[in-house]
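Comments concern the structure below.
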Amino acid sequence: MSYFVTGATGFIGRYLVGNLLKRKGTIYVLVRKDSQKKFDALARKLGWDPKRVIAVHGDMTAAKCGVAAAQLKLLTGKIKHFFHLAAIYDLTASAESQRKANVDGTQNALDLAAAIGAGCFHHTSSIAAAGLYPGIFREDMFDEAEGLDDPYLRTKHDSEGLVRREKRVKWRIYRPGMVVGHSQTGEIDKIDGPYYFFTLLKKMREMLPPWMPMLGIEGGRINVVPVDFVADAMDHIAHKPKLDGHCFHLVDPEPMRVGEVLNTFARAGHAPEMTMRLDARMFAFVPSGIRGAVGSLPPVKRFVGMLLRDFKIPKEVLKFITYPTRFDNRETERALKGSGIAVPRLETYAWRLWDYWERHLDPDLFIDRSLKGRVKGKVVVITGGSSGIGLSSAQRVAEAGATTIIVARGEEELFKARDEMKAKGGKVFAYTADLADMADCDRLVAMILKEHGHVDILVNNAGRSIRRSIELSYDRFHDFERTMQLNYFGCLRLIMGFMPTMVQRRKGHIINISSIGVLANSPRFSAYVASKAALDAFSRCAQGELSGKGISFTTINMPLVRTPMIAPTKMYESVPTLSTDEAADLVVKGIIEKPSRIATRLGIFSALLNAVAPKAYEVIMNTAFELFPDSAAAKGDRKALKEEQPSQEQIAFAALMRGVHW
């Protein structure tokens, strides 16, 4: 007994071949000539006997599958079972490619089977052949299929129709449900079906504890079957006599609803479950015209599109949430009776599917999270790059292969930093500029664009901090002017200067080094916090305008960092601070991940507390104001500056509110 198999290297095909090898006979498999090495590698991996599994070169898109005349002669009269599995099982594939593979490919396979006199043509169809039939679809039904507008549903229906009309060879048809991984190993070859929702479940797990009740969605019944059941059932039924001309639903006789399936995988992945599920059919009372009009609104389309992209869910999948079809499988149950072959309950093997996906197919596994992958060959401008956070960040970026441009006022310190990085192999350029001078900002932008063409990433790090109470600032209005000039207008001038080329190239990233003080509303920092808050507000507005043009903004609400900027306040020598390397880690995170904001938990908690209980937060801030007096530097008392030491109470409070400026 000999077999011929198309799609043998596919997911179902490889398991079917494994089952056929347990029987006697030679197995001929159709392989594209340019895929021979791939086939050989898979055969070695699966332990196929090369004397029994023989490759036949051909192409499903060619007449008689492109099998040469000599091979046709060799195969004629030898093949008792012809298994046709080659097809496109992908909702997102183009209509043309699906028709070429699924419909034309099936016709070519039928012609080949007839030419070699195959005993029986075993066609792997799909429950998709029923379309979106509302009700129970029996195994003897075909023409009753409805809702075949989708290319995948249409081509699976049409290809099965070719087999049903075939008169030259006997045939049997198998309609598997939604095929998932192996129930014993979890193995799967690609993301499909329920796997599309795994990224969403994983993000929920990362954000929320598993006991958190969630509001979710309910839908139709989704028929999920593991690949080993499908392969075992096909192998068994194919070898039973007197079943030619029959169709078999390889499905779960007790399918679960969409919400139940998602909750099963949520439990498997330790994500929160959807405690309350809204049935999507509840919205059927809304006229379809209104639903379509709302769904076509640009903001709605863009928001939905953004969510689907973030969660890696193709929009084509959404139509199956309200899947209306149930499948009768009495023919299959009769054929499998006594074999011990049955669909296992999803909850018994869902954890294996999740584990395999998370170890091998999770899209996050294939994201280049290295700094080198983000900046190599790109132009990165870092202001305040001669010392502190800017220097540490520039060193990391230069080591990663970026064209690193550092900017500062002091020429000696700036050029020393440049030369040290160049000595280590970095491609580093240094430009002096006073960023509080708008004309000098314009000169800097023009020079960088002239010599480097564009800027990929701008890190606005240069800044000025002033710690002084408002009562000591009555006659120092220039403190507010100077701080705003550098921290806001200087940064804004660079952003506006580099932005046109970023928009033209449709890519660019602005990273603004802000302060935790913006979230905590630190007393005595009114000038500094106001300037940083202005830059934060600009970034939020700009992101809304420019995100659609490929421009990203990241605000880093930096906690207290030990830099020369905080040196005049001696108290900071005794309170918890970040090192410049730790601060540079946050900048690197911003470059790699491109989040809208990076902030500490304490900073976010402070902003949240101020939002929900502003009076209580006011008491806390006033307590801190009274506990931490103006420094000797703020008072201009040079003599007291040398003797200034923090109290134990101040150190304890600063440790409690780690990273906040006081």
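The values are calculated or read from the model by the stated rules, or taken from the named source; none is laboratory data. Everything quoted here is computed from the prediction, not taken from an experiment. Heads up, the Cβs are rebuilt from the backbone with ideal geometry, glycines too, and the neighbour counts pull from every protein chain shown.
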Subject >> segment 67-91, residues that are free of Cβ contacts under 8 Å to residues at least 60 places away in the same chain and within 18 Å of Phe121 (Cα to Cα) >> reply: Val67, Leu72, Thr76, Gly77
Subject >> The listed residue being in a helix (DSSP H, G or I) and either closer than 20 Å to Leu243 by Cβ or free of Cβ contacts under 8 Å to residues at least 12 places away in the same chain (or both), out of Ala128, Ala113, Ala118, Ala101 >> reply: Ala113
Original post:
If you go through segment 242-253, how many residues are within 10 Å of Ile222 (Cα to Cα) and over 31 Å from the mean Cα position of the chain (by Cα)?
Top reply: 0
**OP:** Only residues that are out of contact with any Gly (no Cβ under 7 Å at 6 or more places or on another chain) and within 22 Å of Asp228 (Cα to Cα): list them for segment 242-258, please.
**Re:** Leu243, His246, Cys247, Phe248, His249, Pro253, Glu254, Pro255, Met256
Subject >> Pairs with Cβ under 7 Å, 6+ apart, first in segment 349-375 and under 28 Å from Lys594 (Cβ atoms), second of a type in the set (Lys, Arg) >> reply: Pro363/Lys312; Leu371/Arg396
**OP:** Please find, within segment 368-390, the residue that is nearest to the chain's Cα centre (by Cα) out of those that are part of a loop (DSSP other than H, G, I, E, B) and within 19 Å of Glu582 (Cα to Cα).
**Re:** Arg369
Original post:
Before we move on, is Arg467 at pLDDT below 95 and not β-branched (Val, Ile, Thr)?
Top reply: yes
Original post:
Considering only strands (runs of 3 or more DSSP E) fully contained in segment 165-249, which possess at least 2 residues that are closer than 20 Å to Leu20 by Cα and not assigned by TED's automatic domain parsing to the domain that holds Thr275?
Top reply: 170-176
Original post:
So Lys51 clears everything in (1) free of Cβ contacts under 8 Å to residues at least 12 places away in the same chain; (2) under 36 Å from the mean Cα position of the chain (by Cα) except one condition, right? Which one?
Top reply: (2)
Subject >> Identity of the residue in segment 362-389, buried (at least 22 other Cβ atoms within 10 Å of the Cβ) and in contact with a Phe, Trp or Tyr (Cβ under 9 Å, 6 or more places away or on another chain), that ends up modelled with the lowest pLDDT >> reply: Ser386
Subject >> Single residue of Val343, Val317 found to be of a type in the set (A, V, I, L, M), in contact with a Leu (Cβ under 9 Å, 6 or more places away or on another chain) and not in a helix (DSSP H, G or I) >> reply: Val343
**OP:** Would you check if Lys203 is within 24 Å of the chain's Cα centre (by Cα) and basic (Lys, Arg)?
**Re:** yes
Subject >> Answer from Ala439, Ala417 - the residue that is over 36 Å from the mean Cα position of the chain (by Cα), free of Cβ contacts under 8 Å to residues at least 24 places away in the same chain and farther than 30 Å from Arg138 by Cβ >> reply: Ala439
Original post:
Would you pick out the residues in segment 57-103 that are β-branched (Val, Ile, Thr) and under 23 Å from Leu20 (Cβ atoms)?
Top reply: Val67, Thr76, Ile79
Original post:
Going by the structure shown, is Ser393 in a loop (DSSP other than H, G, I, E, B) and over 30 Å from Gly269 (Cβ atoms)?
Top reply: no
Subject >> Yes/no for Ala114 being on the phi < 0 side of the Ramachandran plot, touching a strand residue (DSSP E or B) at 6+ places or on another chain (Cβ under 9 Å) and buried (at least 21 other Cβ atoms within 10 Å of the Cβ) >> reply: no
Original post:
In segment 127-138, what count of residues is obtained for those that are out of contact with any His (no Cβ under 9 Å at 6 or more places or on another chain) and of a type outside the set (Val, Ile, Thr)?
Top reply: 4
Original post:
When you go through Lys424, Lys450 one by one, which is the residue that is basic (Lys, Arg) and under 21 Å from Met502 (Cα atoms)?
Top reply: Lys450
